[in-house]
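Below: the structure, in structure tokens.
The values are calculated or read from the model by the stated rules, or taken from the named source; none is laboratory data. What you are looking at is a predicted structure, and each value in this text was computed from that prediction instead of being measured. Cβ atoms come from the backbone with ideal geometry, glycine included; neighbour counts cover every protein chain shown.
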Amino acid sequence: MTITAHKNAHKAGPEMTIRNLQQVWKKLYDRLRRKYKKSLEYVRIFERHKSGRFHMHILINTGLEYDKQEYVIKDKLDEFRHPDCKWLRRNCAELGGGWRVHIKRVWDDQKRSSNVGLVVGYILKYMGKDMASFAFPKHQRRIQTSRKVGSPATNAKGHGVWQHRREISLTYMVLAERPIIDISTGERLTEASFEGEHYYPPLADYRGEVT
């Protein structure tokens with residue numbers, strides 16, 4: 001899910017787009033809970049546009065409800081015509097945000113093991129973009145989550161730690177207490193993934209060799 005700030009916030013500058021998105025999200029979250037009638041878990045991330053203004057990406061657990069609309073998506077434009085996207089557009093505008101919004105499915109319950117990497121990749125795609133040139137307002141985090149999701153830092157119960165590594169050793173994988181996912185393929189790593197080498201990805205992957 002992607003939401004944007006009101007045009008007046010864009011005119012006022014980057015910091016105002018952040019504040020506007022925060023205000024809209026607080027009210028939008030309440031409407032989403034009433035719409036879907038369940039506890040919502042989410043990860044939301046600010047992304048800076050090349051214009052300097054910000055918009056917000058949200059990964060949220062409403063995929064099953066999205067599918068219940070029985071709406072057939074054949075191309076990119078159909079995603080904007082989906083009933084849930086129309087609802088999002090109308091409500092964001094009513095709450096003082098921008099009318100440019102987008103919502104799409106990034107999770108498939110029938111292929112959980114193969115698609116989990118896509119979900120992680122969705123998050124890391126925006127986490128990895130350079131934000132060092134802009135200081136966020138005081139007490140404002142670029143990445144925020146619902147309580148049960150955790151955060152990039154260890155939460156109060158010691159859960160929810162995220163790590164992103166370019167490569168890992170076989171020893172690290174064996175001793176890890178949680179699943180390790182290759183976000184480029186969605187594969188859950190096993191010893192077989194190392195193809196007899198001590199590090200993953202195997203050296204052949206770096207060379208572009210086909211085995």
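Side notes on the structure shown:
- Residue among L28, L40 that alone is modelled with pLDDT under 95 and touching a Leu at 6+ places or on another chain (Cβ under 8 Å): L40
- Residue in the range 53-64 that is more than 18 Å from the chain's Cα centre (by Cα) and in a helix (DSSP H, G or I) present: no
- For the range 65-83, the set of residues classified as exposed (fewer than 10 other Cβ atoms within 10 Å of the Cβ) and assigned to a helix (DSSP H, G or I) consists of K76, L77, listed by residue number.
- Condition broken by Y71, with the remaining ones in (1) in contact with a strand residue (DSSP E or B) (Cβ under 8 Å, 6 or more places away or on another chain); (2) more than 21 Å from R44 (Cα to Cα); (3) aromatic (F, W, Y) satisfied: (1)
- Number of the exception - L32 against (1) over 21 Å from the mean Cα position of the chain (by Cα); (2) touching a residue at least 24 places away in the same chain (Cβ under 8 Å): (1)
- Qualifying residue in the range 93-103 (condition: modelled with pLDDT under 90 and closer than 30 Å to I180 by Cα): yes
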